1. So what's the net charge close to ASN195: Lys and Arg +1, Asp and Glu -1, counting the other residues with Cβ under 13 Å from its Cβ?
2. In a shell of Cβ-Cβ distance under 15 Å around ALA268, excluding ALA268 itself, what net charge do Lys and Arg (+1) and Asp and Glu (-1) give?
3. Could you give each residue of the stretch 166-171 its phi-based ³J(HN,Hα) in whole Hz, using Karplus coefficients 6.51, -1.76, 1.60 with θ = phi - 60°, and x for Gly or Pro?
4. Let me have the 222 nm mean residue ellipticity of the chain computed from DSSP H runs of 4+ only, each contributing -39500 (n - 2.57), with the sum over all residues rounded to the nearest 500.
5. Mind giving me the nanometre distance, one decimal, between the label points for ASN195 and ALA412, set 7 Å out from Cα along Cα→Cβ?
6. What are the ³J(HN,Hα) values, in whole Hz, obtained from phi via the Karplus relation 6.51 cos²θ - 1.76 cosθ + 1.60 with θ = phi - 60°, for each residue of the stretch 242-247 in sequence order, with x given for Gly and Pro?
7. When the label point is put 7 Å from the Cα of ASP280 along its Cα-to-beta-carbon vector, which residues of the stretch 303-328 have a backbone N closer than 20 Å?
8. What full-extension length gain, to one decimal in nm, is calculated for ARG157 and SER28 as 0.36 nm per residue of separation minus the Cα-Cα distance?
Amino acid sequence: MIQKLMKFASYLSLVLPIHLYAQAQKISKPNIILIVADDLGYGDLGSYGNKIIKTPNVDKIAAQGIRFTDAYAGASVCSPSRGTLLTGKHTGHARIRGNMTRKGGVEGLKDGVPVRRPSLLESDTTFAQILQQNGYRTFLVNKWHVEGFSEAAYPQRKGFDEFSGWLVSEPKSHNHYPEIRFNGDKPYAIEKNKNGKQHVHATDMTTQEAAAIIKQKHEKPFFLMIAYNAPHVPLHAKNTALYDSLNLPPQDKSYAALVSHLDEGVGAIVQAMEEQAITDETVLIFVSDNGGSREAKLQQLVQNGPLRGMKSDLYEGGIRVPLIINYGAPQIGKISTFPNYFPDLYTTVLDIAGVQHAGETDGISLLPEILAPNSQRAEDRYLYWEQYPTKGIAQAVRWGDWKLLSPGNDKAVELYNLRSDIGETTNVAAKHKDIVEKLQTFLQEAHVPSEWWPVK
């Protein structure tokens, strides 16, 4: 029954709102720029409470747009999170549910060790493909990470007219100082980074390539996805000058520098928009792909603010992320507490583009919430995640203020009221058995078995 209600709610979000608030839309067929940071924590930005790391450009976007306090990634790690963003399906029935498969997938090497990775298949439709079909020119810069080792899932086969960046199959194209980069599916050498040299930073390459796209003469509206590496490990910062005077450990300085370098890139993107006089006809979205990572091994900086957990966890620190949206001309900054996640961004991008039929999705459009913050009812929907620990399956669901976590590995379920306990410090499952039962029923219905991730 719950599953049927979810599908019906998704259908209504795709059909009814487009007609009901079409007259309130300020922009017809706007350009859409989606900036995705990599492992940026919920608390890494000044606009989300950080007092040390300098992020003036992203903070300015927040001050002139809408900042979401309860936004979530599609998963706690990269590939499944990006998969939900691209296809609009939560991990209960998405194609990609982990960075590696338990079974199946395509075999390749990671650090010289054989692994099996998932990838999008021909039958998986991305929002880029739908945008192409609806009059948009589509661009992707830097990170993709949903192709695994399958050339059939390369960006230009999944909806992007142009791609520049790196691919999983070529290790020398990864990280902050790559020796190889791709233009489409053609690799080329970064001569200044050969043999381990560190002269051309991936953040700079990404920013320059994205700005060049913005500065092109566009006969159609464009969709530009800019997926930075920063601040993902290894913590190879261009320089740490902004933080050298602070009493921070070296890795903390490098991490902060990576975030600030990313922020500089965002500033250059905004400047390119202003120079082309397209700010008023462009929607700008900034988000992170999952929570901050314990692999950074920071000693003083707190990546995820007040949240419990880190990347790879289904606690809030692994999945709650900063989300900022500027809808056209700068406005007075607003704050939304409406819970949302990556399947919603899929639907939102297509709704903003004026697409009438977005296909099957677990998301709803956030456009009504963008136009009138805090106007939507959180109690009307469920947000769902699943992942695969050493044994069984881990699942989580948010419903209104409540969050149920089933950790897997034969551990007991946990229930938290996020409105009063954002840090997930007090498990109240024993006190609210009726809510636990309701949400456990949803967990059972939300999961569809996958050949790549057998549970038993």
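FYI, it's all coordinate maths here, none of it is from the lab. The model shown is predicted, which means the values in this text are computed figures rather than measured ones. Note: ideal-geometry Cβ built from the backbone for every residue, glycine included; neighbour counts use all protein chains shown.
1. Overall, the nearby charge balance is +2.
2. Around ALA268, the surrounding residues sum to -3.
3. Rounded to whole hertz, the list is 10, 10, 4, 5, 10, x.
4. That comes out to -8000 deg cm²/dmol.
5. 6.2
6. Each residue of the stretch 242-247 in turn: 4, 10, 5, 7, 8, 7 Hz.
7. 326-328
8. So the extension gain works out to 43.7 nm.
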